[in-house]
Each structure stands twice: as structure tokens, then as C-alpha cells.
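The values are calculated or read from the model by the stated rules, or taken from the named source; none is laboratory data. Quick caveat: nothing in here was measured; it's all calculated off a predicted structure. FYI the Cβ positions are ideal-geometry reconstructions off the backbone, even for glycines, and counts take in every protein chain you see. Areas reflect the complete protein model, heavy atoms only, side chains present, ligands, DNA and RNA absent. Shrake-Rupley method; radii C 1.70, N 1.55, O 1.52, S 1.80 Å.
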Number of protein chains: 2
Amino acid sequence: MGYLPVPLKQLIEHFSALPGIGRKTAQRLAFYILDMPEEQAKGFAKAILDAKTSIHNCKICQNFTDKEICDICDSPERDPSVICVVEDPKDVMAFERLQEYKGLYHVLHGLISPLDGIGPESIRIKELLQRLQNGDVREIIMATNPTIEGEATAMYLSKLLKPLGYKVSRLAFGIPIGGELEYADNVTLNRALENRTEL
Amino acid sequence: MGYLPVPLKQLIEHFSALPGIGRKTAQRLAFYILDMPEEQAKGFAKAILDAKTSIHNCKICQNFTDKEICDICDSPERDPSVICVVEDPKDVMAFERLQEYKGLYHVLHGLISPLDGIGPESIRIKELLQRLQNGDVREIIMATNPTIEGEATAMYLSKLLKPLGYKVSRLAFGIPIGGELEYADNVTLNRALENRTEL
């Protein structure tokens, strides 16, 4: 594509750098931008800059917000006695989609992973301990992913928090609803067996 | 997602407006932008503005360019006696991918479509007639899509240009290479039969 004008090539490059966007999709999106009304393209560029400059972490839960304290931490309708600890702001989104959970969150922005040189001090554990000091919290739900790092982080926090008198729980892991035993992997099946509940 | 900060929501909206980008992908891309180094996000916003402001149509062939005359029209290595007439800049890209065609292009930026109120004066036919006046051109290849509008535009241009003494040709349409007769639609099969060539 040597003949393409440089600004168009650069726009294609930027789109290609996004996750899940291949070369062809990037070209299609770049051409779409060229066909857009100028106002819309300017709005898009501004939205990128605005998001990047105005969004930071909530002082309390470390989730993304454009205020000092995010809407969830600030809401009088949320139950301040439960904190759900997650790895990433995207996990908050998954729980909020349910519209079931009424407690607060704490976003770690990472998981403990000694192999990658990420220790407890590299993620937002300090901030979690700090906010626990106001005394409202009763239960802390470990909602990290069921990976090695997720389990290790949940274990680490559990050992840290239980002696302080908090109820620490972990999400249930097992056969997904609609899944079939026949196709479940061994680890999942084992977990489902171990964590069986009485009927 | 009522709790998401406004600048993030707006960025998600802008991504959702792009073709083929659904709600979930838009969210993923917006979160990715938030995680990007600031320089890269600024570069992305600038690339959108740059492309939008610096890219316009080539004075001669009407393809996208950031110069007055595009690299293809300006190249001494291209054959100025053949012009390939296409609907859209993306079609130029398809031909350039071949690295076979050495002539020039003319981008119509649309097709004649009376039902949509698009007459010959709404697309770049005037500009095609103008550039033909320098006398270099021998053959004009109609490379519009094999749709009703594409065929109508090719026919219209052919009737206009043939009396002026130009050789006017049309892309071949038929069974695609690797395709199977059994699965070809009737129109394609009929076309392949009509346009059979002697061996």
C-alpha cells in the first residue's frame, strides 16, 4: 500500500495497534473516519483526549472515575459493609451488569505474580488496608479470576485480612450453568466436587 | 452502565459508531485507550485530526491524497493511456494490492442511482471528461461493482465515451476461481455462460 497518503497510513497504524483490530479492519475504520462529517471526527479525537486526561482512579476504590470519588463509592444506596475485590475495572463492569450486587468494590489493578516481579506492594493492597480502617466493613469478597495469580492474590489477602477479624469469602467456581459435565475440564470438575453443597 | 464516568461513556459511544464495532468491542477498545501510554493516545487523536484535515481528493483522479496530485497520477512509471474507473478509494486499494495494474484510476465517489436521487452530475463524471481532454488516454476500464447501480453507471459512461473514440472495457464477471458451479447463483452462472471465451 505504498501509494497511500502518509496521514491515512498513520491512522491505519493507530487502529491496527488496538486489540482485536487486524490490518483490514483498521483500513476499513480509517476510510470510515475519512468519510465521517468533520464534526464527528473532531468529537472522536476529543473523546480520546478527554478520556485520557480526565479519567483517573477513585481515591477510595481505585476504579476509573472523572471525579475525586467515584459514583459507586459516593452512592448512599450501596452497602458499605461489603467490598468486592477485583483485578481490573472491567471486572467491576461485569458485576454491575448483573444489577444484583449492592456493595462496594476495590480494584487492585493487577494480581500478585512473583514470576513477573509483581509483589503485593505493586498492586493496590495498601489502599485496601487503608480504607478498611474506617470500620464499616464486615465482609470482603475475593473476586479475582481462578488463575494461579488470581488464587495466589486471594490467598494472600485472605491470610492478611482474616486475623483482623473480617469475614473473607471467595466466588464459587464450578460447572457453569448450561455447561455439560462431559466437557468440563478436570480442574473445574474437581473444584465442583470439592465445593459441593448440601441439598 | 450508569456508573461509568462520562468521558469514558463518550469514548465508548464514538467507538460504537464505527462500522462492525459492537457495544462490547467498543468498551474493550475504550478501556485499552485508558491503559495506553499518554503519548500513544495523543498520537491516535492527532492521527484522526490529521487524516481528516490533510486528506482530500486528488485534482486529477479524485482518489484520497494529502498532496495536490496523488502519488499514482504523479508517477512516471504508470501508463497514462489506461484509466480504471472505480466507485470508491477502497476499490483502488484492491487493485493496488495486485501489483499488476500499471495504468491510472478515476474514482467516481458513488454510482448513478436514480432511486436514491443520485444522477450523473452527483458523481465525478465531469472530472473524468475533463481529464480525457489532454488526449493521452486510449482505454477506459469500467471497474464498478456488478450491482444494478454499478452496471448502470458502466453503461452510462460507455455510451458517453465510445462515441468519442475511446476503447471502453468492463471487468470480466463469472465463476470465481476456486468456486464451484454447483453453488454458483443463477445470475453469476448465466453471466459465465454468456461471456464464455474460446479455448
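Output the residues belonging to segment B:84-134 that are acidic (Asp, Glu), under 11 Å from the mean Cα position of the chain (by Cα) and not in a helix (DSSP H, G or I).
The answer is B:87, B:88.
When you look at residue B:75, is it at pLDDT 95 or above and out of contact with any strand residue (DSSP E or B) (no Cβ under 6 Å at 6 or more places or on another chain), yes or no?
It is false that residue B:75 is at pLDDT 95 or above and out of contact with any strand residue (DSSP E or B) (no Cβ under 6 Å at 6 or more places or on another chain).
Does residue B:25 meet the test of being β-branched (Val, Ile, Thr), closer than 23 Å to residue A:90 by Cα and surrounded by fewer than 20 Cβ atoms within 10 Å (Cβ to Cβ)?
Yes: the conditions hold for residue B:25.
Is one or more of the residues making up segment B:68-77 among the charged types (D, E, K, R), free of Cβ contacts under 8 Å to residues at least 60 places away in the same chain, open to solvent by less than 40 Å² (accessible area, probe 1.4 Å) and in a loop (DSSP other than H, G, I, E, B)?
no
Quickly run through segment A:29-41 and pick out the residues that are more than 7 Å from chain B (Cβ to nearest Cβ) and among the charged types (D, E, K, R).
The answer is A:35, A:39.
Please work out which residue is nearest to the other protein chains (Cβ to nearest Cβ), limiting yourself to segment B:88-108 and to residues that are within 22 Å of residue B:130 (Cα to Cα) and either at pLDDT 95 or above or open to solvent by less than 30 Å² (accessible area, probe 1.4 Å) (or both).
B:89
Select from segment B:28-67 the residues that are basic (Lys, Arg) and within 23 Å of the chain's Cα centre (by Cα) and write down the one among them that is surrounded by the most Cβ atoms within 10 Å (Cβ to Cβ).
B:52
Any residue in segment B:2-10 that is over 30 Å from residue B:70 (Cβ atoms), more than 7 Å from chain A (Cβ to nearest Cβ), modelled with pLDDT under 95 and surrounded by fewer than 20 Cβ atoms within 10 Å (Cβ to Cβ)?
Yes, some residue in segment B:2-10 is over 30 Å from residue B:70 (Cβ atoms), more than 7 Å from chain A (Cβ to nearest Cβ), modelled with pLDDT under 95 and surrounded by fewer than 20 Cβ atoms within 10 Å (Cβ to Cβ).
Among the numbered conditions (1) among the aliphatic types (A, V, I, L, M); (2) out of contact with any Asp or Glu (no Cβ under 7 Å at 6 or more places or on another chain); (3) within 10 Å of chain B (Cβ to nearest Cβ), tell me where residue A:55 comes up short.
Against the list (1) among the aliphatic types (A, V, I, L, M); (2) out of contact with any Asp or Glu (no Cβ under 7 Å at 6 or more places or on another chain); (3) within 10 Å of chain B (Cβ to nearest Cβ), residue A:55 comes up short only on (2).
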